[in-house]
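Asks: So that we are looking at the same thing, I have put the structure below in C-alpha cells.
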Amino acid sequence: MDEPGVIGRRVQRMRGERGLTQKQLAEPAYTPAYVSTLESGKVRPSEAALRFLAGRLGTSYEELATGRPAHLATELRLALADAQQTLATGAADEAAVRYRQLLDEAEDLTLVPEQAEALLGLGDCALESGELTLAITHFEAAERLLADEPLPRRARPIRGRAVAHLLTGELRYACYLLESTIDELGTSGLADPEALVLLYAAVIGPYIDMGAHARAAHAAELALALAPQVSDPALVAGMHRQVARTFLAEGRVADADASLAKAQSIYGQLRLRADLAQCHWMRGYVQAQNGELEVAERELRTAREMLSARRAALYTAQVEVELADVLRRLGRYGEAAELLAGVLELGDRHGAVHAGGAHRLLGLMAEERGEPEAAEEHYVQALALLERSGATGDLADLCRLLGDLLRRTGRTEAALDAYRTGLGHRAAPGTTTLGPAPAAPAFRPGGVSGSRWVGGRAT
C-alpha cells in the first residue's frame, strides 16, 4: 500500500474525475469528514475502507491502494503461465529470457508473489541447464520473498534448492532440507497435501542413493496415499515417476514400469516434453534392469535426443551414463567409451554422482578388456567423487568391485581394506545418518491398492 498522502491524492483525483462530492463518495458507510481527512493524507485508510471507496469509484482495491491497474497483475500472471509452458515444452534458455523479463516487470510493479514465481521459473531453468549454483541463488531469493507466507507456499523453493544440492552431490544436505520441511509442516498443522507430495517425491531419490530403501518406501507409501487429494496432474505424474524408483529398489520391475506408464501418459497429455524425456530415461533403466537391452537402448536414446534438443546438459549427461552401461552390456565398448568421455569432459562441476558413475563404468570395461591397472585407476577416481556426495549404496558397490579386483591380482590385504571401507559405507536399513525419519502427517495412509505395509516396507 502506498503512503497515506499518495492514496489521498489518488482518491481525490478519481472522485473529481467522476464528478462526486465527498458526501456522495462517503455514504452510506463513512462520513464526508472521514473522506476529507483521508484525501488530505492525515489518516491511513484500512483495507475495508479502501475496498468500499474503490467500489464507489468503480475501480479496484489494488489500483486505489498502489496505483497499479488490476489488469497489469493479471496479465503478468498469464505471462508467467506462458513462460512455464515454454519451459515445459521448449528450451530452458528461451524460457529463462522470458522469466527474466517478467521478473523485471514484477519488480517495477512491486508485485511480490509474481517476483517469487519468476524466480522459481528461473531456478527451474537453471536446474535444467545444469547451472546449479545459479539455481540455488534463484530459489533462495524466492524463499526470501515468501518468508512471511505459510510454509506450504515456501515448499516449492525449498524443494528446488534441495534438488539443486542433490544434483551437486550433496545428498545429506538435500535430505536435511526436505525432511526438516516435512517435519515442520506436520508440527505446524499445515499438512498441505500438494506440498507434502512435492516433498515426499523429491526425497525418494536421495534416500535410495544413500541406501535408505526403507525410508524411500515409506515416503512412497505416504505420497501415494496423499495423491487423491492433489489436483495438479503434473505433480501426480512426478510422484509416480519417483515412486517407481522404490519399486525398482525392491525388485518390483512390473510395478515400476506400471508407475512410469501412468506418468508418461499424463506428461504426454500435458505435452510436458522434459518430464516425458525423463520417463523414457527411467523406462530405459527399468528395461535394462530386466535384461531387455535393445528396448532399453531405444528408450534411452529417445530420452537423450529429447534432452539434447533442450540443451539440458546435466540431465543429458546422466542419461548418457545409463546408455553407456547398456552399450557395454551389449559389447559395444567403443560407443560406450565415447559417451562416457563426453560426460567426463563436463567435469564434476555439475555434481560428482554421474561423473563417478562414468568412471565406474570405464573401470568395468577396463577389467573386461583385461586391463586391471586402468580399471583400478578408474575405480579410485570414482571412489573419490562418490565419497564427496555421500552416495553410500554406490560407494559400497564400488568398494566391492575394487576389492574383487585387488583380490584377483593377489593383493589380499588391500582387498580387505577395500571391503572394510565398503562395509563402513553401508547405511543401516531405513537411515540417512541424519537422525529419526520425519514424522508422518496426521492422516491414516489407506487406499493404496495392491500392497500391504508392514514396518515401513511393502509386502
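Asks: Filter the range 336-378 for residues that are surrounded by fewer than 15 Cβ atoms within 10 Å (Cβ to Cβ), part of a helix (DSSP H, G or I) and among the acidic types (D, E) and give the result.
Replies: Residues satisfying the conditions are E338, E345, E368, E373.
Residue by residue, here is whether (1) of a type outside the set (V, I, T); (2) surrounded by fewer than 18 Cβ atoms within 10 Å (Cβ to Cβ); (3) over 13 Å from the mean Cα position of the chain (by Cα); (4) assigned to a helix (DSSP H, G or I) holds:
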site: Y207; (1), (2), (3), (4): yes, no, yes, yes
site: E221; (1), (2), (3), (4): yes, no, yes, yes
site: F247; (1), (2), (3), (4): yes, no, yes, yes
site: G251; (1), (2), (3), (4): yes, yes, yes, no
site: D275; (1), (2), (3), (4): yes, no, no, yes
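One line per residue, one yes/no per condition, for (1) more than 18 Å from A358 (Cα to Cα); (2) surrounded by fewer than 23 Cβ atoms within 10 Å (Cβ to Cβ); (3) touching a Lys or Arg at 6+ places or on another chain (Cβ under 8 Å):
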residue: T302; (1), (2), (3): yes, yes, no
residue: E305; (1), (2), (3): yes, yes, no
residue: A313; (1), (2), (3): no, yes, no
residue: T316; (1), (2), (3): no, no, yes
residue: V319; (1), (2), (3): no, no, yes
residue: R328; (1), (2), (3): no, yes, no
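Asks: Out of the residues in the range 69-102 that are over 19 Å from A142 (Cβ atoms) and among the hydrophobic types (A, V, I, L, M, F, W, C), which is farthest from the chain's Cα centre (by Cα)?
Replies: So the residue we want is A70.
Asks: I'd like to check something: does the range 215-224 contain any residue that is farther than 24 Å from T168 by Cβ and not aliphatic (A, V, I, L, M)?
Replies: The answer is yes; a qualifying residue exists.
Asks: Follow-up question, since we're still on this one. Show the residue pairs that are 6+ apart or on different chains and have beta-carbon atoms under 9 Å apart, the first residue being within the range 247-260 and free of Cβ contacts under 8 Å to residues at least 12 places away in the same chain, the second being outside any loop (DSSP other than H, G, I, E, B) and surrounded by fewer than 17 Cβ atoms within 10 Å (Cβ to Cβ).
Replies: Partner pairs satisfying both residue conditions: G251/Q289.
Asks: Any residue at all in the range 58-74 that is of a type in the set (F, W, Y), touching a Gly at 6+ places or on another chain (Cβ under 9 Å) and surrounded by 19 or more Cβ atoms within 10 Å (Cβ to Cβ)?
Replies: no
Asks: Given the options D397, D404, D417, name the one that is acidic (D, E) and either crowded, with 22+ Cβ neighbours inside 10 Å or closer than 26 Å to Y207 by Cα (or both).
Replies: Criteria check complete, one pass: D397.
Asks: Continuing with this model, one more query. Given the criterion under 21 Å from V230 (Cβ atoms) and either in contact with a Phe, Trp or Tyr (Cβ under 7 Å, 6 or more places away or on another chain) or not assigned by TED's automatic domain parsing to the domain that holds D82 (or both), identify the matching residue among E194, E117.
Replies: Testing whether each residue is under 21 Å from V230 (Cβ atoms) and either in contact with a Phe, Trp or Tyr (Cβ under 7 Å, 6 or more places away or on another chain) or not assigned by TED's automatic domain parsing to the domain that holds D82 (or both) leaves just E194.
The values are calculated or read from the model by the stated rules, or taken from the named source; none is laboratory data. Keep in mind that what you see is a predicted model, and the values were worked out from it rather than measured. Methodologically, a virtual Cβ is constructed for each residue, glycine included, from the backbone with ideal geometry; neighbour enumeration extends over all protein chains shown.
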